[in-house]
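The values are calculated or read from the model by the stated rules, or taken from the named source; none is laboratory data. In this text the structure is predicted, and so the values were computed from the model without any measurement. As a convention, Cβ positions derive from the backbone with ideal geometry for all residues, glycine included, and neighbour counts pool all protein chains shown. Quick note on the areas: whole protein, heavy atoms, side chains included, nothing else; ligands and nucleic acids left out. Shrake-Rupley method; radii C 1.70, N 1.55, O 1.52, S 1.80 Å.
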Amino acid sequence: MELNRRETMAGAAAAAASLALAAGPAAAQMGGPRRLGSKEKVAYWVATVTPCDAKGMFDPGAMKAVMEWHQKCGADGVVVLGTSGEFPSFSVAERKLITETAMKHKGNMNIMVGPGTSNIVETIDLAKHAQSVGADGLLVIPPFYFNQPPIEGLTDYYTRLFEAVSIPINLYHIPGTSEVNITLDLLKNLMKYPHLAGIKDSSGSAEGFAQFLAGFPELNMRCGTSNNLIPAVSAGMGAILADGNQFSDKCANIFKAYRAKGDWKAELEKLRAAQTVIRDHNMGANTYASMKYVLSLRMGGPMMYARTPYPQLTDAQKASLKIGVEKAAALA
């Protein structure tokens, strides 16, 4: 029976992936050892917000304060222009300015930048810019809006990116938002690139994350949700947490305790307790406005606002969240 073009291409890709994996995980199959982009795998990155002023415009001064806050709290790294950073809401020019501002104030933290768009031209442009200003790596969402493109198309999309830049690239699995899955087969197709560093899995699926951990132990399979933090850290992987916007110190304490061979799971329970308090006082506020308000309170200013199309907090929501921050601060 004659195979159609898609079946032939899929078979060839699968065969190539099998050969690549058979060569062994200790080194990449093209260009030398695997480059993960960080000194250690078990590390905490905060998926930072992008601060805006009351008019909804990017606030460089507030960005400086945010970066300094996360370093003070003990964050190992920062992801700039991820989902928490409302990246689709900013123009290409704004995204370059945001990246440059973050890099000026990186301190000793590891910086990943999200260059993803729905088109490869702008994605490569933003990725090259991040590389040019010294970013340690990239976190790249698949071309969103398109409802699960075929694996041949996704492989081609990422191949073009991998061949355009040399800094470590992490794939961003957030299918609830992107409508596109990062699959095991896609990762296998890209294993030949030594700067395939890993993923961020924000699906929240325990089963799916377990498959990533089992399939790619040589990569850094970072969790993006705190429910998968225990299996991630137990497997020697890192985490990229939006929770760090509200509780960067508590997130950092988990990893500090891990490195000190202390009770890091007890520190995780402290984070979860604080998260519960804030959820109980959220009053239906949207995620971005809520995160920025809580962070502003904890930092002692400046005040930060959500970017349109998300609305600002009502006075009642602000009052409730302020009480929540005070209650969370009183916890152990």
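Relative to the longest principal axis of the Cα atoms of the chain, helix 5-22 runs at roughly 80 degrees. Taking trypsin sites (Lys or Arg not before Pro) across the stretch 42-75, the ones in a DSSP loop with at most 16 further Cβ atoms lying within 10 angstrom of their Cβ are 55. Where both bridge residues fall in the chain, DSSP classifies roughly 5% of the beta bridges as antiparallel. Quick one: pull the percent of accessible area on the chain belonging to carbon and sulfur, 1.4 Å probe, ligands and nucleic acids left out. Of all accessible area on the chain, carbon and sulfur atoms account for 56 percent.
In the chain, helices alone account for a calculated mean residue ellipticity at 222 nm of -15000 deg cm²/dmol, with every DSSP H run of four or more residues adding -39,500 (n - 2.57).
Pull out a ≥ b ≥ c, the square roots of the eigenvalues of the alpha-carbon gyration tensor of the stretch 133-269, then state rounded if a/c is under 1.5, prolate if not and a/b is larger than b/c, and oblate in the remaining case. Cα axes put the stretch 133-269 in the prolate bin. With K and R counted +1 and D and E -1, the other residues having a Cβ less than 12 Å from that of residue 254 yield a net charge of 0. Expressed as a fraction of 2.2 N^0.38 Å, the value expected for a compact globular protein of N residues, the C-alpha radius of gyration of the chain is 0.99. Which of 96/265; 250/292; 200/318; 106/128; 128/200 have a Cα-Cα distance over 26 Å? Beyond 26 Å: 96/265; 200/318.
Relative to one another, the C-alpha centroids of the stretch 221-279 and the stretch 154-206 are positioned 23 Å apart. Taking the chain as a Gaussian network of alpha-carbon nodes connected by springs under 10 Å, the highest mean-square fluctuation of the residues 81, 184, 139 belongs to 184.
I'd like the distance between the alpha-carbon centres of the stretch 65-83 and the stretch 112-137, rounded to an integer number of Å. Measuring centre to centre over Cα atoms gives 19 Å. Each Lys or Arg adds one and each Asp or Glu subtracts one; over the other residues with Cβ under 12 Å from the Cβ of residue 297, this totals +3.
Can you give me the angle between helix 206-215 and the longest principal axis of the chain, using Cα atoms only, in degrees from 0 to 90, rounded to the nearest 10? Roughly 50 degrees, rounded to the nearest 10. Maximal additional length on extending the residue 263-residue 332 stretch stands at 23.4 nm, based on 0.36 nm per residue less the C-alpha distance. Once the C-beta distance of residue 156 and residue 273 is scaled by a Förster radius of 35 Å, the resulting FRET efficiency is 0.15 to the nearest 0.05. When the chain is treated as a Gaussian network with alpha carbon springs shorter than 10 Å, the biggest mean-square fluctuation among 93, 289, 127 belongs to 93. Axis of helix 92-104 versus longest Cα principal axis of the chain: the two differ by about 70°, to the nearest ten degrees.
When nucleic acids and ligands are ignored and a 1.4 Å probe is applied, residue 35 ends up with an accessible area of around 90 Å².
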